[in-house]
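Asks: Structure in structure tokens, see below.
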Amino acid sequence: MGYNREIYESAKSFLDGVRAKNIKAYGKKKKWFRDNYPDGAEIEREIAKTAVLVARMLVSGNSDISKITKIKEKNRELIKKLGIFLKEVGLPEDYLRPCYDCRVCLDTGYVDGVMCRCLKRILQKEAYNSLNKLSPLSLSSFDSFDLKYYDPIVKADPKGSKTTTQREKMSNIYSFCKNYAKKFNVGSTNILMMGETGLGKTHLSLAIANEVIRNGFGVIYVSVPSIVCKLEKERYRYVGGKTEDILLECDLLILDDLGTEYRTQFSNSAIYNIINSRLLCSKSTIISTNYTIQSIESDYSKRLVSRLWGEYRLLKFCGTDVRTQKAVERVRMTSN
Ligand SMILES: [Zn+2]
């Protein structure tokens, strides 16, 4: 199964852009060289002439081998001469060679009809971008996470012993997430973020995503309902796509809002497959959910529950809906 057409098209236009950029850079370099070093430019023109001459003779079926060999010899000498010239004026030996991002396929994306590694990388990146378009990936950072919205007041524990405030608990979660993002590596622990709406789960998981992407890892951030819907379309409506592969390949997968998907046999098995397959190849996953432990246990299969409890680090978010608090703040500010 290949990527869908949209992905191929955006990869192609990316590659077209790379070629255009390099042709422009090459033209600029050549012009600069010709303007500043007319003697060198003359050698360069001679090289081009000899190359064209040999090509013409070969195409026209000229079999004067000794003449062809002579011109080829002259061409080699001129190339050597140009090399010495460049060295003398302090330019690198390959200064007048065309510019390419990929010297294997010369930015064409293919070598002898086989897709080059560079194009495969571009396709994967485009696919990541297309999936990540579904989320507000650039909106959250660790710096914009404010602990002032979490209650600092010590409440009497019914058992009378431990007295950790909501702010302390959330501060620990914040530090854990920040440290996790900083030290993220392939095989980092899996995280299950649990708690009611508006307590910062999405904010912190997006902040992790941003930092991990900045550190060069492939991250996919998707909401569970949207990904189930996409997988279902690809499976049953034959629209083409590699979403399942991408979800399994990326270094970090963040599944937002488990429990809000429309529950079917397909959705249950798709979610289980993603979670289980990533565990089997030691790929890290972060899941966030508004569900409680009890509702997960009652609504999902035993095998999924056992993967979550056994292989995920549980972070229990607490507090009062931050979004509501911010809204109240805004109302107060405008009414003052
Ligand atoms: Zn290439």
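Asks: Can you tell me, using C-alpha contacts under 8 Å and at least 6 residues apart, the relative contact order of the chain as a whole percent? Provide the component values of the computation, followed by the final result.
Replies: On the way: 390 pairs, mean separation 66.7, N = 336.
It rounds to 20 percent for the chain.
Asks: Helix hunt in the chain: which complete DSSP H runs extend at least 24 Å axially by C-alpha with mean Kyte-Doolittle at least -0.5?
Replies: Working: long enough: 5-36 (46 Å, -1.24); 38-59 (31 Å, 0.40); 65-88 (34 Å, -0.46); 166-183 (25 Å, -1.38).
Membrane-span-like by this criterion, though nothing is claimed about a membrane: 38-59, 65-88.
Asks: Could you list, by residue number, the cysteines of the chain that have no other cysteine's beta carbon within less than 4.7 Å of their beta carbon?
Replies: For the chain, the answer is Cys99, Cys177, Cys229, Cys250, Cys281, Cys318, because their Cβ atoms have no other cysteine Cβ under 4.7 Å.
Asks: Same structure, new question: Taking the number of other C-beta atoms within 10 Å as the exposure measure, put Ile191, Ile23, Ile79, Ile84 in order starting with the fewest.
Replies: Lowest count first: Ile84, Ile23, Ile79, Ile191.
Asks: Oh, and also: Given Cα pairs under 8 Å that are at least 6 residues apart, what percent is the relative contact order of segment 13-118? Show your work: numbers first, answer last.
Replies: On the way: 66 pairs, mean separation 36.5, N = 106.
Across segment 13-118, relative contact order equals 34 percent.
Asks: Next up: To make sure I understand, if each residue's beta carbon is the centre and we count other beta carbons within 10 Å, what order do Met57, Met115 fall in, fewest to most?
Replies: Working: Met57 15, Met115 12.
With the sparsest Cβ surroundings first, the list reads Met115, Met57.
Asks: Only Cα pairs under 8 Å and at least 6 apart count here; give the relative contact order of segment 134-331 as a rounded whole percent.
Replies: Numbers: 283 pairs, mean separation 62.6, N = 198.
Taking the mean separation of contacting Cα pairs over the length of segment 134-331, I get 32 percent.
Asks: So, in nm, how far is label Ser175 from label Arg19 when the simple model puts each one 7 Å beyond its Cα toward the Cβ?
Replies: Distance between the two pseudo-spin positions: 5.5 nm.
Asks: Out of all DSSP beta bridges with both ends in the chain, state the antiparallel percent to the nearest 5.
Replies: Values: 2 of 21 bridges.
Antiparallel bridges make up about 10 percent of those DSSP assigns within the chain.
Asks: Separate question: Which residues' amide hydrogens lie under 5 Å from the amide hydrogen of Cys102, considering only partners 5 or more residues apart or on another chain, with H built in the peptide plane?
Replies: Amide H neighbours of Cys102, under 5 Å, 5+ apart: Asp107.
Asks: Moving on. Fewest to most neighbouring Cβ within 10 Å: what's the order for Lys155, Lys169, Lys201?
Replies: On the way: Lys155 10, Lys169 17, Lys201 23.
Listing Lys155, Lys169, Lys201 from fewest to most nearby Cβ atoms yields Lys155, Lys169, Lys201.
Each reported figure results from applying straightforward, stated rules to the coordinates on display, with no laboratory input. Keep in mind the model is a prediction, meaning the values are calculated, not measured. Here Cβ is always computed from backbone atoms with ideal geometry, including for glycine, and neighbour counts include all displayed protein chains.
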